[in-house]
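First comes the structure, then the notes that go with it.
The values are calculated or read from the model by the stated rules, or taken from the named source; none is laboratory data. Remember, it's a predicted structure, so these values are computed and weren't measured experimentally. Neighbour counts are summed over all protein chains in view; Cβ atoms, including those assigned to glycine, are modelled from backbone coordinates with ideal geometry.
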Amino acid sequence: MSNATFSGCMLWLFAVAGAMAASGCSAIKSTDSFTLLTELPPGFSIKGEASYVPRTGEACTVPPRKGRNYPGLKFFEQKLSNDAQTARFEVPLTSKEGGCPLVLDSFGYEVDAKYGAARLDLGRDYTGIAFQDGTADSQNSSSPMTLQKQCEWFFRTIGPDRYIVKILQCKSVATPEQANGSVAKGPLQRAQLAGKTLKVVFDISNEEKPAVGDNWVKFPTGWKRCMGDSLEAPYAFCDGNKTDFKPFKMPDGRDCTVYPNCTE
């Protein structure tokens, strides 16, 4: 597994002609931040957004954006790799930019995953972590704490040639140590994380499912696409007909009759 390390440095991103760019970084005291390790399967990339709100009891508001600097948001990125990888981010728990004491409210992930060679052969979903006030001794503060994100592919066909496309969905699930699932769904207490490590593990399910109900029939060899009223029918619901099926194309252009094995 390769490691992409963002050690002690925060990546500020801003939009320029539709692109994200870095604008600098600074050292962060470990007692006022936590280390966020994000484990990604092969073919995954992420963008992270840490969102800040005024500290409890403060009457001020989040300072407005000034040029490249946005006190209420801090951005992180881990680029796609064909191998499994681990991103390491140092995430501030507080911010004093603009004169308003701010605290971390949430960390949102934009998750992209490739399923084919073409530029647009990718799925995207959003997930995240919520944070709240608390005390350092109010719960188990072992480090690293682990959160699990389970991702799944849902497939469907589009267009007159019935090309397979995939939709990515990622959700929080409990780890074996979190039998009741409460930690998995948060929110987490900021005081528990100061100077510690939080690990977020993204897994991808081996089983894929149809994205639209009553479009496919499952056989021992794989899924077959229902015929519907005709080859040209764009929705082609099975509607009880489990004997007539139509071919489709894989993202790489192969003509197939069963998914994901292509041929029976």
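Just one of Phe219, Phe202 is aromatic (Phe, Trp, Tyr) and in contact (Cβ under 8 Å) with a residue 60 or more places away in the chain; which is it? Outline the logic, then answer.
Details: Phe219 fails: in contact (Cβ under 8 Å) with a residue 60 or more places away in the chain.
Result: Phe202 is the single residue among Phe219, Phe202 that is aromatic (Phe, Trp, Tyr) and in contact (Cβ under 8 Å) with a residue 60 or more places away in the chain.
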If I ask for residues that are over 22 Å from Leu168 (Cβ atoms), of a type in the set (Phe, Trp, Tyr) and outside any loop (DSSP other than H, G, I, E, B), which ones from segment 40-73 would you list? Tyr52
Is one or more of the residues making up segment 29-39 in a strand (DSSP E or B) and among the charged types (D, E, K, R)? yes
Determine if segment 42-49 includes at least one residue that is in contact with a Lys or Arg (Cβ under 7 Å, 6 or more places away or on another chain), modelled with pLDDT under 95 and of a type in the set (Gly, Ala, Ser). no
Identify, by number, the condition in (1) over 19 Å from Met250 (Cβ atoms); (2) in contact with a strand residue (DSSP E or B) (Cβ under 6 Å, 6 or more places away or on another chain); (3) at pLDDT below 95 that Val201 doesn't meet. (3)
Would you confirm whether any residue within segment 170-183 is closer than 30 Å to Gly128 by Cα, under 18 Å from the mean Cα position of the chain (by Cα), buried (at least 17 other Cβ atoms within 10 Å of the Cβ) and modelled with pLDDT of 95 or more? yes
Would you confirm, using the coordinates I've provided, whether Asn69 is closer than 30 Å to Lys166 by Cα, modelled with pLDDT under 95 and assigned by TED's automatic domain parsing to the domain that holds Leu198? no
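Determine if segment 72-85 includes at least one residue that is modelled with pLDDT under 90, over 30 Å from Pro260 (Cβ atoms) and among the hydrophobic types (A, V, I, L, M, F, W, C).
At the first step, the residues of segment 72-85 found to be modelled with pLDDT under 90 are none.
No - not one qualifying residue is present in segment 72-85.
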Exactly one of these conditions fails for Ala118: (1) of a type outside the set (Lys, Arg); (2) surrounded by fewer than 15 Cβ atoms within 10 Å (Cβ to Cβ); (3) in a strand (DSSP E or B). Give me its number. (3)
Taking strands (runs of 3 or more DSSP E) that fall entirely within segment 181-263, which contain at least 3 residues that are hydrophobic (A, V, I, L, M, F, W, C)? 197-204, 216-219
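Let's see how each residue does on (1) among the charged types (D, E, K, R); (2) closer than 25 Å to Ala87 by Cβ; (3) touching a Gly at 6+ places or on another chain (Cβ under 9 Å):
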{"residue": "Met145", "(1), (2), (3)": "no, yes, no"}
{"residue": "Gln150", "(1), (2), (3)": "no, yes, no"}
{"residue": "Ile167", "(1), (2), (3)": "no, yes, yes"}
{"residue": "Lys196", "(1), (2), (3)": "yes, yes, no"}
{"residue": "Cys238", "(1), (2), (3)": "no, no, yes"}
{"residue": "Asp252", "(1), (2), (3)": "yes, no, yes"}
